[in-house]
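Just below is one structure, and these are the notes that go with it.
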Amino acid sequence: GQQLNQSPQSMFIQEGEDVSMNCTSSSIFNTWLWYKQDPGEGPVLLIALYKAGELTSNGRLTAQFGITRKDSFLNISASIPSDVGIYFCARWLQGGSEKLVFGKGTKLTVNP
Amino acid sequence: DAGVTQSPTHLIKTRGQQVTLRCSPKSGHDTVSWYQQALGQGPQFIFQYYEEEERQRGNFPDRFSGHQFPNYSSELNVNALLLGDSALYLCASSIQGAGGFYTFGSGTRLTVV
């Protein structure tokens, strides 16, 4: 129940295209987090979601907390070369815990 | 304002050896968490230090230990290294009780041969 399943595992797209990736779990969660990891760097928080059905944007990024509370998706519009990296979904292990559980990530490659 | 600083950036060790990794948290942060990221995987929680004590621990053996100093900096020690310990070790700092939102360092790449 703790595992987060991300898909797709990798994506190869052309600059300017839109991207969609998602994350699912068999358990219900109260928070979804989306991180990006650039090559050679640590993960950076992109978006945090706190309520079922919540839709939140951060520039060209949009993320939604699924109604069932078991999934979330992340969209990137009009991709640019600097969008290259690995995108992780994550959740807190349990209420009040500050331990994060991460998915395995979606690796994005953007061809100029 | 410096973020999270980790050292060294890379190192190579031999099986059976011991290693110490270091982390300086972001200014104003008092909590340090360590994560292990194997190749092609997401980071996995090792443990968290606050007020110089280990507060939470993930599913890692006792070979993994740590320390936090009065200035909030932290060390991760791994004894009796195994080939499977090869990974990127990430340090993340946060403010205790502030929702746990981390600032991650760039990591230490450990290779065990």
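Could you list all residues from region B:30-51 that are in contact with a Phe, Trp or Tyr (Cβ under 7 Å, 6 or more places away or on another chain), within 22 Å of A:TRP34 (Cα to Cα) and not hydrophobic (A, V, I, L, M, F, W, C)?
B:THR31, B:SER33, B:TYR35, B:GLN36, B:GLY42, B:PRO43, B:GLN44
Out of all the residues in region A:24-59, which are among the aromatic types (Phe, Trp, Tyr) and at the interface with chain B (Cβ under 9 Å from one of its Cβ atoms)?
A:TYR35
For region B:31-59, how many residues are within 12 Å of another protein chain (Cβ to nearest Cβ), surrounded by fewer than 20 Cβ atoms within 10 Å (Cβ to Cβ) and in a loop (DSSP other than H, G, I, E, B)?
6
How many residues does region A:86-99 contain that are within 16 Å of A:TYR50 (Cβ to Cβ), among the hydrophobic types (A, V, I, L, M, F, W, C) and modelled with pLDDT under 90?
Selection size over region A:86-99: 1.
For the list (1) within 18 Å of B:SER93 (Cα to Cα); (2) free of Cβ contacts under 8 Å to residues at least 24 places away in the same chain, I need the number of the one condition that A:VAL101 fails.
(2)
Hey, could you check region A:5-39 for residues that are of a type in the set (Val, Ile, Thr) and outside any strand (DSSP E or B) and say which is surrounded by the fewest Cβ atoms within 10 Å (Cβ to Cβ)?
It comes out as A:ILE28.
Looking at region A:58-71 only, could you name the residues that are within 14 Å of the chain's Cα centre (by Cα) and either among the aliphatic types (A, V, I, L, M) or more than 15 Å from A:MET21 (Cα to Cα) (or both)?
Those that are within 14 Å of the chain's Cα centre (by Cα) and either among the aliphatic types (A, V, I, L, M) or more than 15 Å from A:MET21 (Cα to Cα) (or both): A:ASN58, A:LEU61, A:ALA63.
At least 2 residues that are more than 14 Å from every other protein chain (Cβ to nearest Cβ) in each: list the strands (runs of 3 or more DSSP E) lying fully within region A:60-112 that qualify.
Output list reads A:61-65, A:71-76, A:106-111.
If B:LEU21 passes every condition in (1) within 14 Å of chain A (Cβ to nearest Cβ); (2) surrounded by fewer than 15 Cβ atoms within 10 Å (Cβ to Cβ); (3) assigned to a strand (DSSP E or B) but one, which one does it miss?
(2)
Tally the residues that are within 14 Å of another protein chain (Cβ to nearest Cβ), touching a strand residue (DSSP E or B) at 6+ places or on another chain (Cβ under 6 Å) and aliphatic (A, V, I, L, M), restricting the search to region B:68-113.
4
Mind checking whether some residue in region A:55-70 is in contact (Cβ under 8 Å) with a residue 60 or more places away in the chain and surrounded by 16 or more Cβ atoms within 10 Å (Cβ to Cβ)?
Within region A:55-70, the first condition is being in contact (Cβ under 8 Å) with a residue 60 or more places away in the chain, and the residues that meet it are none.
Checked region A:55-70: no residue is in contact (Cβ under 8 Å) with a residue 60 or more places away in the chain and surrounded by 16 or more Cβ atoms within 10 Å (Cβ to Cβ).
Could you grab me the full set of residues in region A:25-60 that are polar (S, T, N, Q) and within 24 Å of B:PHE104 (Cβ to Cβ)? Write out each step before concluding.
Filtering region A:25-60 for residues polar (S, T, N, Q) gives A:25-27, A:30-31, A:37, A:56-58.
Residues satisfying the conditions are A:SER25, A:ASN30, A:THR31, A:GLN37, A:THR56, A:SER57, A:ASN58.
The values are calculated or read from the model by the stated rules, or taken from the named source; none is laboratory data. Because the structure is a prediction, the values reported are computed rather than measured. Using ideal geometry, Cβ is built from the backbone for each residue, glycine included, and neighbour counts are taken over all protein chains shown.
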